[in-house]
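Just below is one structure, and these are the notes that go with it.
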Amino acid sequence: MKKINKVSIQAQIKSALQAQNAVLVAHYYVSGNLQDLAQETGGLVSDSLEMARFGQNCDADTIIVAGVKFMGETAKILSPEKTVLVLDKNATCSLDEDCPIEDFSKFCDQHSDRKIVVYANTSAEVKARADWVVTSGSALKVVKHLHEQGHKILWAPDKHLGRYVQNETDADMLLWQGACVVHERFKADALSALKAKHPQACVLVHPESPQAVVNLADVVGSTTALINAVKDREEQTFIVATDNGIFHKMHAVAPHKKLIEAPTAGVGADCESCAHCEWMAMNTLEKLLETLNNQQNEIKIDKNITQQAQHSIQKLLDFTEK
Ligand code: 13P
Ligand code: SF4
């Protein structure tokens with residue numbers, strides 16, 4: 001009985017997408033059924049950088065973003081003429097929440113000699129205040145470029161990603177002290193013990209994780225980079241330190257490989273295995289259908305903010321196309 005309902009909701013969504021000339025863009029962390037639907041209907045499943053690029057280049061009238069609020073806002077900033085809907089307006093991100101525009105703006109004013117580089121996981125207002133927007137897949141390249149040009153950097157909001165980029169590039173970076181509540185919970189001690197149990201395994205780590213966890217990695221990279229590592233590397237077992245929603249795609253690209261969740265338990269842990277973003281988990285098939293049927297949860301952004309933020313995001317898209 002349950003299966004019949006599931007098929008029927010997916011069929012309803014497909015026909016609503018078609019009727020409204022709408023496209024579904026999903027992040028790798030949302031549920032597998034949403035990722036499959038995006039793929040089957042000519043939409044996209046990807047990391048935050050390619051989600052932004054795809055929305056801008058597609059010719060749909062409506063973009064539906066299955067992810068979190070900043071992803072919907074980025075899509076709207078890049079395609080202000082399109083309708084952009086999200087499945088739940090309360091689906092946010094701790095990095096975005098940790099960086100309110102008023103405080104951030106003061107911080108920028110105090111360090112006006114620095115180029116302002118912000119992670120995509122921020123509000124439209126914070127992006128509008130920045131010189132550059134970057135994603136996890138592009139941060140190293142952009143900061144290296146700015147460093148080579150002699151710029152000092154003000155970085156926000158993720159302190160772990162900022163520190164990783166600083167170590168890799170040697171750039172002069174002043175870091176805002178935000179963190180991702182999901183990646184911050186990975187535990188280095190427990191990961192070391194797990195590595196010892198699986199000495200042949202390759203350890204994949206998203207750079208939003210703490211330094212001690214990054215230090216244990218064989219590969220550090222964006223969600224796309226981690227998926228590609230599972231597909232392309234010869235190891236048969238992978239320990240994965242990022243949101244476990246990514247396993248859906250990893251299984252699809254390498255069905256015979258073994259994937260193990262990096263531990264979130266261990267010294268100082270507050271959960272057994274909490275490697276799943278509560279905001280990403282707010283995206284469901286039911287909410288997608290409701291959003292389409294009612295044309296609800298539309299993203300709206302002030303015109304000036306849109307124009308300013310567009311400038312700093314577009315720089316990134318142009319730069320990463322080279
Ligand atoms: P990616 O840009 O690697 O997809 O990461 C987005 C994100 O929110 C990670 O927590
Ligand atoms: Fe934000 Fe972390 Fe969730 Fe990504 S996983 S959306 S960084 S809270």
| message | Looking at the range 167-183 only, could you name the residues that are under 21 Å from Phe104 (Cα atoms) and near ligand 2 (Cβ under 9 Å from one of its atoms)? | response | Ala179, Cys180, Val181
| request: Return the only residue of Ser94, Ser136 being within 16 Å of ligand 1 (Cβ to nearest atom), polar (S, T, N, Q), at pLDDT below 95 and touching a strand residue (DSSP E or B) at 6+ places or on another chain (Cβ under 8 Å). | output: Ser136
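Residues that are crowded, with 22+ Cβ neighbours inside 10 Å, at least 2 per element: which strands (runs of 3 or more DSSP E) completely within the range 142-211 meet that? Walk me through it before giving the result.
Working: elements: 153-156, 173-175, 202-205.
Filter on the range 142-211 gives 153-156, 202-205.
Based on what the data block shows, is Ser8 surrounded by fewer than 24 Cβ atoms within 10 Å (Cβ to Cβ) and farther than 29 Å from His251 by Cα? Give the derivation first.
Details: surrounded by fewer than 24 Cβ atoms within 10 Å (Cβ to Cβ): yes; farther than 29 Å from His251 by Cα: no.
Answer is no for this residue.
Just to check your reading of the model, which residue among Leu317, Leu289, Leu285 is at pLDDT below 95 and surrounded by fewer than 20 Cβ atoms within 10 Å (Cβ to Cβ)? I'd like the intermediate steps shown before the answer.
On the way: Leu289 fails: at pLDDT below 95; Leu285 fails: at pLDDT below 95.
Answer to the selection: Leu317.
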| message | Here's a check for you: in the range 81-108, which residue that is part of a loop (DSSP other than H, G, I, E, B) and of a type in the set (Asp, Glu) is nearest to ligand 2 (Cβ to nearest atom)? | response | Asp98
| said: Please go through the range 215-245 and give me each residue that is under 17 Å from Leu161 (Cβ atoms) and not in a loop (DSSP other than H, G, I, E, B), ordered by number. | reply: Val219, Val220, Thr223, Thr224, Ala225, Leu226, Ala241
| field | Checking Met250 against (1) crowded, with 16+ Cβ neighbours inside 10 Å; (2) more than 16 Å from ligand 1 (Cβ to nearest atom), the condition it does not meet | value | (2)
| query | Out of Ile64, Ile101, which single residue is in contact with a helix residue (DSSP H, G or I) (Cβ under 7 Å, 6 or more places away or on another chain), more than 14 Å from ligand 1 (Cβ to nearest atom) and farther than 14 Å from Ile299 by Cβ? | reply | Ile101
| Residues of the range 205-251 being within 12 Å of ligand 2 (Cβ to nearest atom), within 26 Å of Asn33 (Cα to Cα), of a type outside the set (A, V, I, L, M) and in contact (Cβ under 8 Å) with a residue 40 or more places away in the chain, which ones? | His206, Glu208, Ser222, Thr223, Thr242, Asp243, Gly245
| Criterion (over 18 Å from the mean Cα position of the chain (by Cα) and surrounded by 18 or more Cβ atoms within 10 Å (Cβ to Cβ)) met by exactly one of Leu37, Leu95 | Leu37
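Report yes if Val117 is over 20 Å from Val25 (Cβ atoms), free of Cβ contacts under 8 Å to residues at least 60 places away in the same chain, in contact with a helix residue (DSSP H, G or I) (Cβ under 9 Å, 6 or more places away or on another chain) and outside any helix (DSSP H, G or I), otherwise no. Outline the logic, then answer.
Working: over 20 Å from Val25 (Cβ atoms): yes; free of Cβ contacts under 8 Å to residues at least 60 places away in the same chain: yes; in contact with a helix residue (DSSP H, G or I) (Cβ under 9 Å, 6 or more places away or on another chain): yes; outside any helix (DSSP H, G or I): yes.
In short, yes.
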| message | When you scan the range 249-262, do you find a residue that is assigned to a helix (DSSP H, G or I), within 21 Å of the chain's Cα centre (by Cα) and under 24 Å from Ala188 (Cβ atoms), even just one? | response | yes
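Please verify whether the range 149-156 includes one or more residues that are under 24 Å from Cys277 (Cα atoms) and in contact with a Pro (Cβ under 8 Å, 6 or more places away or on another chain).
The first filter runs over the range 149-156 and keeps only residues under 24 Å from Cys277 (Cα atoms), leaving 155-156.
Narrowing the set further to residues that are in contact with a Pro (Cβ under 8 Å, 6 or more places away or on another chain) leaves none.
No - not one qualifying residue is present in the range 149-156.
List the helices (runs of 4 or more DSSP H) that sit entirely inside the range 26-80 and contain at least 2 residues that are of a type in the set (S, T, N, Q) and touching a residue at least 60 places away in the same chain (Cβ under 8 Å). Walk me through how you get there before you give the answer.
Values: elements: 32-40, 48-57, 69-78.
Here the list reads 32-40, 48-57.
The values are calculated or read from the model by the stated rules, or taken from the named source; none is laboratory data. What you are looking at is a predicted structure, and each value in this text was computed from that prediction instead of being measured. Don't worry about glycine lacking a Cβ; one is built from the backbone with ideal geometry, like all the others, and counts go over all protein chains shown.
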